[in-house]
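Structure first, commentary second.
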Amino acid sequence: MNEMEEQVISLSEIFEAIKKRWIMIVAITLSATLISGILSFFVIKPVYEASTKLFIGKEESEDTVYNTNDIQMYQKLLQTYAQAIKTKDLVNRAISGLKYDGLEARNVVESLTVNPISNTQILQIKYKSKNQQEAVDVLKNITKQFIITSKELVPNGNVRVIEEVEFPENPVSPNKKMNIAIAFLLGLMVSLGLVFLLEYLDNTYKNKEQLEKDLGIPVLGAIPDIESV
C-alpha cells in the first residue's frame, strides 16, 4: 500500500511540475519547431539528385549468348567499374567542358554514388547537386566518359545505358517534414528535462503535505501571507 501511495505521489508531483512550468515547455518546443521550419524552408539550400542505370555485358554480336560463367564474371566486373567511375582522372575529363561555379573533381567524387545492384549486371550511378541542371550535365558527361574508358579496360565488354538521366524536379534533401518532427520531439524532450532539473534543484516546500512527508511529523499551524496595505 505504501509503495502505491509513493508511486501516486511521485506521478502527481511530476504532473504538478509540468503544470507549473507548462509555458516554458510550450515555448521551448515551439521555438525549436519554428527554428527548424525556418532553416528547412528558407536557409538550407535544396539538394537534387540525378540518376542513371547502365547494363554491363558482352560486346553485341549476332551470337551473343551468356552462360553462367559470363554472368558471374560481369557481376564481379561491376565492382571494378564502380571504382573506376569514381577516379579523379575520369571525373576531370568528364567535367572539363562544363562551366559551373565550384565544380571540381574532388567535390564531384564526394557527391557521386555508384551502386552495383546485387545479383544483376546493372550499375546505378547517382549524383547530387544544389543545381538541378548541373546534376544532369555532370552525370551525363560522367556516363559518356565511363563508356569510353570501359572499352579501354575491357575491349570486348559492352556498357549500355538502360535508364536515361532525367531532370530532377524534386529535391532529395532537406526532408522538411522529418526535420520539423525531429525538432519538435527534441524541443519537447529538452523542455521536460529542464523542468525536472529545475524541480530537482528546488528544495523549498510548497505545502504542508510535503513538509509532513519529509519530516514525518504533523504541521500544527501555518502563517498566512499578509498583503501589505
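The values are calculated or read from the model by the stated rules, or taken from the named source; none is laboratory data. Every value quoted in this text rests on a predicted model; they were computed, and no experiment measured them. Only protein heavy atoms, including side chains, enter the accessible area calculation; ligands, DNA and RNA are left aside. Shrake-Rupley method; radii C 1.70, N 1.55, O 1.52, S 1.80 Å.
When the inverse distances between all different Cα atoms of region 51-193 are averaged and flipped, the Kirkwood radius reads 17.2 angstrom. Given a 1.4 Å probe and the protein chains as shown, Asp101 ends up with an accessible area of around 150 Å². Computed on region 108-164, with alpha-carbon pairs under 8 angstrom and 6+ residues apart, the relative contact order is 19 percent. Largest to smallest in accessible area, the residues Val109, Val195, Val190, Val161 fall in the order Val190, Val161, Val109, Val195 (1.4 Å probe, all protein chains included). Put simply, the C-alpha atoms of region 114-179 give a gyration tensor, and the ellipsoid matching it has half-axes of 28, 15, 9 Å, longest first. Projected onto planes of every orientation and averaged, the convex hull of the alpha-carbon atoms in region 44-134 covers 7.5 nm². Computed with every protein chain present, the accessible area of Lys130 is close to 130 Å² [probe 1.4 Å].
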